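The values are calculated or read from the model by the stated rules, or taken from the named source; none is laboratory data. No experiment lies behind these values; they were computed from the predicted model shown. In this analysis, Cβ positions are derived from the backbone assuming ideal geometry, glycine residues included, and neighbour counts consider all displayed protein chains. Calculation scope for accessible area: heavy atoms of the full protein, side chains included, ligands and nucleic acids excluded. Shrake-Rupley method; radii C 1.70, N 1.55, O 1.52, S 1.80 Å.
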Amino acid sequence: MRVMIVVTHLLGTGHLSRALTLGRAFVEQGHDVFVVSGGMPAPQLDTSGMTLLGLPPLRSDGTDFTRLLTQTGDIATPAYQEARANALIQAVGSFQPQILITELYPFGRRSLAAEFQAALEAAQELPTRPVILGSIRDILAPPSKPSKAERADEVVAQYYDGILVHSDPRITPLNISWPVSEALADRLHYTGFVAPSAPSPHPESIGTDEILVSAGGGSVGQPIFRAAIEAARKMPNTHWRMLVGGQDATTRISELAQLAGDAPVTLEPVRPDFRQMLPLAKASVSMCGYNTAMDLLQSGTPSVLIPFDDGKEVEQGLRGQSLAQLPAIEVLPSSELNGQSLSDALMRVITDGPRDAMQHGFDGAKRSVEIATGLLERRQ
């Protein structure tokens with residue numbers, strides 16, 4: 001079975017990471033997977049077993065997802081975006097997927113609607129139309145006005161055979177964050193949570209008894225790192241490891257190193273073995289994106305969550321509220337973040353933890369393969 005996944009991450013790398021986890025599940029079942037990525041390169045992510053096509057890359061201007069920038073920071077011109085759409089059309093035509101999955105669209109990425117629509121139209125014109133599925137996380141950014149939800153419903157009705165919701169409806173039904181119409185409800189397939197296999201402890205014991213501070217793979221989180229450096233000075237007997245993401249990681253690490261001075265801190269770029277450090281860590285400090293939440297649930301590591309809330313973002317805050325019901329997890333709003341509040345929160349979760357790692361409910365990628373395969377078989 002030929003499976004194409006189309007994804008563009010604009011700020012962090014969470015969308016691409018989840019799409020790749022989904023892709024690996026198809027690969028494990030012997031399927032041919034082609035991932036088209038339209039965001040910035042993320043070499044730390046595992047693409048083994050898949051073909052990866054990078055479109056001319058885009059990123060958002062911070063949290064302004066309507067202002068799209070190229071890798072060099074220039075505003076993306078209409079010609080630049082047309083080149084992306086043409087490359088996407090060509091990829092659909094040459095690969096001729098039997099399953100086509102769009103990540104987030106049409107519930108987000110409205111600034112990229114033209115290229116997603118181009119891909120959907122190209123799929124319609126193939127000799128055999130593929131099964132077309134949307135792939136969305138547990139919590140979406142709520143639509144700012146009803147017309148956006150109505151437009152998403154129209155696109156789903158016109159093109160899509162189903163929407164894969166990577167959640168458990170008993171925990172986070174989609175209508176917590178998105179108005180689910182009757183027509184949309186008929187196309188929803190809840191898969192359970194999508195996550196790689198639970199992380200095993202690092203073979204070289206890296207991360208043991210450290211406080212791991214991370215902020216995803218994008219160029220965000222500098223206030224978290226600054227507060228963590230302040231907190232490290234208040235907890236001098238504990239070593240801290242701060243993993244900095246983004247294309248500008250080297251510059252940001254240099255700035256933070258000057259601030260850290262002789263504090264017990266290691267600063268380095270994001271690294272692919274982060275998940276293996278988590279089970280050994282004394283505690284984790286992070287934002288509360290979908291993939292991070294899965295990692296923390298599977299590792300049982302005591303955690304302080306600082307949900308990303310720039311640009312009126314509410315997704316991570318909603319997820320954090322849900323996770324904070326568990327032991328050894330505490331949410332610290334960004335408005336209250338400083339060295340003292342962070343060190344105090346860490347002492348509480350370290351005292352409460354560690355908690356038992358969750359071992360079930362993370363097979364959403366495998367379940368997605370089963371759903372997609374079933375829909376294709378019914379069509380044939």
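Computed values, structure above
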{"read-out": "Cα centroid of region 226-258 to Cα centroid of region 319-380, whole Å", "value": "24"}
{"read-out": "Estimated translational D of region 22-115 in µm²/s (Stokes, Kirkwood radius over Cα pairs; 37 °C; 0.692 mPa s)", "value": "226"}
{"read-out": "Residue-count net charge about I371 - beta-carbon cut-off 15 Å; Lys, Arg +1, Asp, Glu -1", "value": "-1"}
{"read-out": "Protein-only accessible surface order, largest first, of F362, F26 at 1.4 Å", "value": "F362, F26"}
{"read-out": "Exposed GluC sites (Glu not before Pro) absent - longest run of the chain, DSSP non-H/G/I/E/B, at most 15 other C-beta within 10 Å", "value": "1-124"}
{"read-out": "Those aspartates and glutamates that a straight Cα-Cα span of less than 13 Å connects to K282, excepting residues fewer than 8 apart in one chain", "value": "D209, E210, D352"}
{"read-out": "Around L126: net Lys/Arg minus Asp/Glu count, Cβ-Cβ under 15 Å", "value": "0"}
{"read-out": "Exposure ranking of T351, T63 by accessible area [1.4 Å probe, largest first]", "value": "T351, T63"}
{"read-out": "Probe 1.4 Å, accessible area per residue of the chain, Å²", "value": "43"}
{"read-out": "Inter-probe distance in nm under a simple model that places probes 7 Å from Cα toward Cβ, at T70 and T266", "value": "3.8"}
{"read-out": "Ranked order, D61, D262, D295 - accessible area, probe 1.4 Å, largest first", "value": "D262, D61, D295"}
{"read-out": "Per residue Cα convex hull volume in Å³ - calculated over the chain", "value": "129"}
{"read-out": "Cα-based shape type of region 65-158, given that a ≥ b ≥ c are square roots of the gyration tensor eigenvalues and the cut on a/c is 1.5", "value": "oblate"}
{"read-out": "DSSP-defined beta bridges in the chain - what % are antiparallel, rounded to 5", "value": "10"}
{"read-out": "Charge tally in the Cβ shell below 15 Å around S341, where Lys, Arg are +1 and Asp, Glu are -1, S341 excluded", "value": "0"}
{"read-out": "Hits among aspartates and glutamates - C-alpha to C-alpha of K145 under 14 Å, sequence gap 8 or more where chains match", "value": "D153"}
{"read-out": "Accessible area of the chain belonging to carbon and sulfur atoms, whole % at 1.4 Å probe", "value": "50"}
